[in-house]
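Structure first, commentary second.
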Amino acid sequence: MKISRKLNILLLSTSLLWSACSEDRLNPASVFIDNEVDRSALDNYIENVYTADYNIAIVYKFVEAESDLNYNLSPANYESAVRMTKLMYYLGIEPYDKIMGNKDFIKSYFPKLLNYIGSPAYLNNGTFVLGTAEGGTKITMYALNRLTEATASDPQFLNDYYFHTMHHEFAHILHQTRDYPSTFNQITGPSYVADSWNTIYSNTSALAEGFISAYASKEANEDFVETYSFYITLSPTQWQQRMNLAGTAGRERIEAKLDIVRTYFQNVWNIDLDELRDEILARQAALPDFDQLSLN
């Protein structure tokens, strides 16, 4: 009968399917195997000191996705990365913890990723970039391979290449979170020169116009963070030397800006600029005794 024949074919197909399934069992072992990555002493230090307390990660091995492809860049060497990681905590993070009395400020506002690059990022105008901040979440530090035993205890070098930049970029994050008064922009408003800053002004001529540096003449936001970062990393004597070079008019403009910066940080963030500067300067003075390589 036709119906019986169809039923036999159906039973045979089901039997073959069951047989195939019963004999072809899945292997419980996954084909995706995580490779074990050796952790260096620096990896462990970053985890214990930065990530555990502040949720901050540090990329010290060159990662193309974290790098700016507009520049020809080279990776940071391991020893320079160790020095910067130790120094960043000592000169860049702990001073804020000390004056705030806790780690909450840095944990809340400091970028969650630090990216190290060995070389500077050279521009077409003859200058080079030492640091950038992205969206309040990342700071890239360049030229790490210039951090050597010969330079690592020199406060002037460290500020010029790294910590002036670090405080500069951090101040950008802070004013982007809560803006400073617009009265700051009016002090030298007509004198901002955008990207021509490096051809129009030298550092000395910029002082006479009321800018703490030539780069501060680019635009008001850069002026604000330059004023902040120079003030907290220079000694009173070094600051006074700049004011002497500025002359009467330049000095009055810079000090008017500094008053706004000082009031902003005190009222908005509860940071006393002189207290912060004193803490940073004390740590700079103690650099010869600071162990930059031990990761214990």
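Throughout, read-outs are computed from the coordinates displayed, never taken from laboratory work. Keep in mind that this is a model prediction, so the values were computed, not measured. Note that each Cβ is placed from the backbone with ideal geometry, even for glycine, and that neighbours are counted across all protein chains shown.
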Return Lys218, Lys107, Lys257 ranked ascending by Cβ neighbour count within 10 Å, so the fewest neighbours appear first.
Lys107, Lys218, Lys257
Gyration tensor (alpha-carbon) shape descriptor, region 43-289, a/c threshold 1.5
prolate
For Lys61, the aspartates and glutamates lying under 16 Å Cα to Cα, once residues fewer than eight places off in the same chain are dropped, come out as Asp38, Asp43, Glu47, Glu79
May I ask you to sort Asp97, Asp278 by Cβ crowding, counting other Cβ atoms within 10 Å and putting the fewest first?
Asp278, Asp97
Using alpha carbon centers only, region 208-253 is separated from region 88-119 by a whole-angstrom value of 24 Å
Work out from phi, with θ = phi - 60° and the Karplus expression 6.51 cos²θ - 1.76 cosθ + 1.60, the ³J(HN,Hα) of each residue of region 47-57, listed in order in whole Hz, and give x for Gly and Pro.
4, 6, 9, 9, 6, 4, 8, 10, 6, 9, 9
In nanometres, what is the gap between the two model label sites at Asp291 and Thr151, each 7 Å from Cα along Cα-to-Cβ?
2.5 nm
A 28 angstrom limit on the alpha carbon distance is what I want to check against. Which of Lys86/Lys112; Lys98/Lys138; Lys86/Lys257; Lys86/Lys138; Lys86/Lys107 exceed it?
Lys86/Lys257
